[in-house]
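The values are calculated or read from the model by the stated rules, or taken from the named source; none is laboratory data. What you are looking at is a predicted structure, and each value in this text was computed from that prediction instead of being measured. Glycine also receives a Cβ, built like all others from the backbone with ideal geometry; neighbour counts cover every protein chain displayed.
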């Protein structure tokens, strides 16, 4: 089968090779992958900043395809089923455990940048009929994370949700929040991206280049109350402003660290506002299933900026690295 191997901590070390096709063991399935999508986590792995460093291996955290073979003991799935596997294949449901964190697709086990992949049957979610393989490939990390933000933030009609940036998580969160009847504020350094966010339903847009004190803009837009949920995708450079922009008893859902991982913040606002600061490690298969069900019910469509062919995978990584994308970056394995 075709596969991309990462042989060193560099995008230049991502090469297309021929590799053996894996076979499913008991309670596993073999998937013919049709599409993949990239996340910032994929860049972290390629840069050597995340993962156990075992190389070469097949990267690619998110993918979608159809089952072509089932191992012994698999009863609920059959060949031909269109499926998407979760990131943490051993986290079926419930609270995260240490054991559940050991196997991550495209990080500590073979990922989606190959024609075939083997995963546990318990990690699978059925793809809704209205979604293509390319659209479904965007769901495991971004949609699951955004859905969990809505749940942890108790988003309901009248809530105010603040989103940092216009990447995949933020745009799924925008659509989930609007479906729940919430008011959405979103920031970006690009007026063009903010215009596109308004077309998706964003109520207030803030260009943080021209308005560096975006937290004050959030307070002004909410009559001084602040946002009930802040989806914090940047990290260290923005966290103090997220604290200031948060309403009393708000949730700050910590998703990313694209701006830096070392954090120094004041404690007093956390205490005075009784803030709920929640870390995100994507989610379980059950969380992914909930997100997919919500998408199918509401008719939400994943926002995909650009789709690359399989042979253009390195170009897809570099496009993601440029931060020019709006929404998701996808790879069509059939193109």
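Exactly one residue among 169, 161, 155 is assigned to a loop (DSSP other than H, G, I, E, B) and buried (at least 20 other Cβ atoms within 10 Å of the Cβ), and that residue is 155. Of the residues making up the stretch 105-140, those that are more than 12 Å from residue 84 (Cβ to Cβ) and assigned to a helix (DSSP H, G or I) are 121, 122.
Residue check: is residue 144 within 17 Å of residue 203 (Cβ to Cβ), at pLDDT 95 or above and under 14 Å from the mean Cα position of the chain (by Cα)? No, not satisfied.
Rundown of residues vs (1) in contact (Cβ under 8 Å) with a residue 24 or more places away in the chain; (2) surrounded by fewer than 17 Cβ atoms within 10 Å (Cβ to Cβ); (3) over 21 Å from residue 236 (Cβ atoms), yes/no style:
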position	(1), (2), (3)
254	yes, no, no
268	no, yes, no
277	yes, no, no
283	yes, no, yes
293	no, yes, yes
316	yes, no, yes
320	yes, no, no
331	yes, no, yes
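Beta carbons closer than 8 Å, at least 6 apart along the sequence or on distinct chains, pair a first residue in the stretch 221-243 that is farther than 21 Å from residue 142 by Cα with a second that is at pLDDT below 95 and in a loop (DSSP other than H, G, I, E, B) for 237/259; 240/265; 240/266; 243/265; 243/266.
Against the test of being surrounded by 15 or more Cβ atoms within 10 Å (Cβ to Cβ) and touching a helix residue (DSSP H, G or I) at 6+ places or on another chain (Cβ under 8 Å), the options 233, 222, 298 yield a single qualifying residue, 233. Of 198, 154, 103, 183, all but one fail to be touching a strand residue (DSSP E or B) at 6+ places or on another chain (Cβ under 9 Å) and at positive phi; the exception is 154. The residues on offer are 26, 59, and the sole one that is modelled with pLDDT of 95 or more, part of a loop (DSSP other than H, G, I, E, B), in the same structural domain as residue 109 (by TED's automatic domain parsing) and over 13 Å from residue 113 (Cα atoms) is 26.
Restricting the stretch 302-314 to residues that are touching a residue at least 40 places away in the same chain (Cβ under 8 Å) and more than 16 Å from the chain's Cα centre (by Cα), the residue that is nearest to residue 198 (Cα to Cα) is 307.
Tell me which residues, restricted to the stretch 77-103, are under 15 Å from residue 24 (Cα atoms) and assigned to a loop (DSSP other than H, G, I, E, B). Passing the criteria: 77, 78, 79, 89. Among the residues of this structure, residue 16 does not count as one that is surrounded by fewer than 18 Cβ atoms within 10 Å (Cβ to Cβ), in contact (Cβ under 8 Å) with a residue 60 or more places away in the chain, under 18 Å from the mean Cα position of the chain (by Cα) and not in a helix (DSSP H, G or I).
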